[in-house]
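Some notes on the structure that comes next.
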């Protein structure tokens, strides 16, 4: 049995990880009483006595937690933004490269991907790696997400009885084009520069749809929309949690909450041979957060990666 500690269990991601693990017989969840959860000494003791720790904290607190770990055997999965491009940390996206799963399995430090970044990277990284999309392509990406991605404060705002009427409408944010997920998107995709990234939060609890439009004439290979779809199908063929929609399964309307409550990501390739539209749909709290974290934990502990995941 493995001892697992969730530092920041009270947050949205931490709570979902806890719920996924609490009924497992192969995991002993170490839990601090409420009065001790911000006690540095108590946290340090748990961090150093666990086999694996999840950090579900703001960036500064996640860095503090790492600094408290003195036991070299402790393995860490950080769900914050703090270490996603840091040296010595493996980016925890098992499906994105042929050797990534093995790197995660051997790692002491794994950075869990951001939700928007998961959708973008799943679409862009394979095309850059395959010599289809140039690294300096002028990329634009749009991402529609449920309000749970904003954490407890945003959830409370959306679910309040008397709320601002502006919450009835989809809201664009990060208008200065400096979203915190951009560095990991650029690094994991091997891009020459950041994309123009347009995130939108809307009035539904969970789910996400990331879209990337492409001009076929600007690609490095003349493979067309069907060729791109076939390429994705081969790229992800051996992976349980990423599926590619076939040509005859393109809906008239694509809902961002289509896969709410599920742990897999689905890719749609549509458009025509002049303009191609790539879409990735998934649960921002599942494959975009807690589900990805549990998948990484299973890999790191040598277990079937699908345990506790739907």
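The condition (being assigned by TED's automatic domain parsing to the domain that holds residue 122, assigned to a helix (DSSP H, G or I) and either under 13 Å from the mean Cα position of the chain (by Cα) or at negative phi (or both)) is satisfied by just one residue among 199, 213, 183: 183. Just so you know, in the stretch 1-37 the residues that are touching a helix residue (DSSP H, G or I) at 6+ places or on another chain (Cβ under 7 Å) and assigned to a loop (DSSP other than H, G, I, E, B) include one that is surrounded by the most Cβ atoms within 10 Å (Cβ to Cβ), and it is 8. Look at residue 87 and say whether it is at pLDDT below 95 and surrounded by fewer than 22 Cβ atoms within 10 Å (Cβ to Cβ). No: the conditions fail for residue 87.
Within the stretch 266-284, residues that are outside the structural domain of residue 201 (by TED's automatic domain parsing) have Cβ atoms under 9 Å from residues that are assigned to a strand (DSSP E or B) and modelled with pLDDT under 95 in no pair, counting only partners at least 6 apart in sequence or on another chain. If the condition is being without any contact (Cβ under 8 Å) to a residue 12 or more places away in the chain and part of a loop (DSSP other than H, G, I, E, B), then the stretch 80-114 contributes 87, 98, 99.
I'd like to check something: does the stretch 35-49 contain any residue that is at pLDDT 95 or above, under 17 Å from residue 291 (Cα atoms), in contact with a strand residue (DSSP E or B) (Cβ under 8 Å, 6 or more places away or on another chain) and assigned by TED's automatic domain parsing to the domain that holds residue 105? No, there is no match, as no residue in the stretch 35-49 is at pLDDT 95 or above, under 17 Å from residue 291 (Cα atoms), in contact with a strand residue (DSSP E or B) (Cβ under 8 Å, 6 or more places away or on another chain) and assigned by TED's automatic domain parsing to the domain that holds residue 105. Has the stretch 55-68 got any residue that is in contact with a strand residue (DSSP E or B) (Cβ under 8 Å, 6 or more places away or on another chain), assigned to a strand (DSSP E or B) and either surrounded by 16 or more Cβ atoms within 10 Å (Cβ to Cβ) or modelled with pLDDT of 95 or more (or both)? Yes - at least one qualifying residue is present in the stretch 55-68.
The residues on offer are 256, 237, and the sole one that is free of Cβ contacts under 8 Å to residues at least 40 places away in the same chain and touching a strand residue (DSSP E or B) at 6+ places or on another chain (Cβ under 9 Å) is 237.
State whether one or more residues within the stretch 274-295 are more than 21 Å from residue 118 (Cα to Cα) and surrounded by fewer than 17 Cβ atoms within 10 Å (Cβ to Cβ). Within the stretch 274-295, one or more residues are more than 21 Å from residue 118 (Cα to Cα) and surrounded by fewer than 17 Cβ atoms within 10 Å (Cβ to Cβ). Screening the stretch 186-196 for residues that are in a helix (DSSP H, G or I) and in contact with a strand residue (DSSP E or B) (Cβ under 9 Å, 6 or more places away or on another chain) and picking the one that is surrounded by the most Cβ atoms within 10 Å (Cβ to Cβ) gives 188.
Here residue 155 meets the list (1) in the same structural domain as residue 44 (by TED's automatic domain parsing); (2) not in a loop (DSSP other than H, G, I, E, B) almost entirely, failing just condition (1).
The values are calculated or read from the model by the stated rules, or taken from the named source; none is laboratory data. On a predicted model such as this, the values are computed, not experimentally measured, just so you know. Here the Cβ is made from the backbone with ideal geometry for all residues, glycine too, and neighbour counts use every protein chain on show.
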